[in-house]
Amino acid sequence: MNTRLEILKSYLKEDPSDSFLRYALALEYIAVGDHQNASQELEQLLNENPDYLPAYYMAGKSYEILKEIEKAKVYYRKGIELAKSLRNTHTLNELNAALEGLEDN
């Protein structure tokens, strides 16, 4: 059993609205190769906090790995719109590159 996963889950039980904890849990799922749970955590995070920009890229990547390409594109596109509105060019470039990679295939 992954100790960091269990620790993050216990912290999240104490404060289920903590976006950073939910994001950290999703990243830990990704680290252990559990993209199904990662994508579920990222979806919940973005439903509760749609302005959490980094989650869009990670959600897209998780869905790519799960071969759910249309869902990945949706998250990349939503992230692109948010990155534009926030004028976050670094994240905008990453999201554009990820989306273009899917659309070229």
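What to note about this one:
- When the inverse distances between all different Cα atoms of the chain are averaged and flipped, the Kirkwood radius reads 13.9 angstrom.
- Given charges at beta-carbon only (K, R positive; D, E negative), |dipole| of the chain in Debye: 100 debye
- Total lysine pairs under 19 Å (Cα atoms) in the chain, excluding pairs fewer than 8 apart on one chain: 5
- For the chain, with +1 on Lys and Arg beta carbons and -1 on Asp and Glu, the positive-most of Ile80, Tyr29, Ser17 along the dipole: Ile80
- Length, then width, then depth: along the principal axes, the Cα atoms of region 34-82 run 24, 18, 13 Å.
- For region 33-47, backbone nitrogen atoms closer than 18 Å to the point 7 Å from Asp15 Cα along Cα-to-C-beta are found at 45-46.
- The helix-based estimate of mean residue ellipticity at 222 nm for the chain, built from -39,500 (n - 2.57) per DSSP H run of four or more residues and divided by its residue count, is -26000 deg cm²/dmol to the nearest 500.
Readers should treat all values here as calculations from the given coordinates under stated rules, not as data from a laboratory. Quick caveat: nothing in here was measured; it's all calculated off a predicted structure. Heads up, the Cβs are rebuilt from the backbone with ideal geometry, glycines too, and the neighbour counts pull from every protein chain shown.
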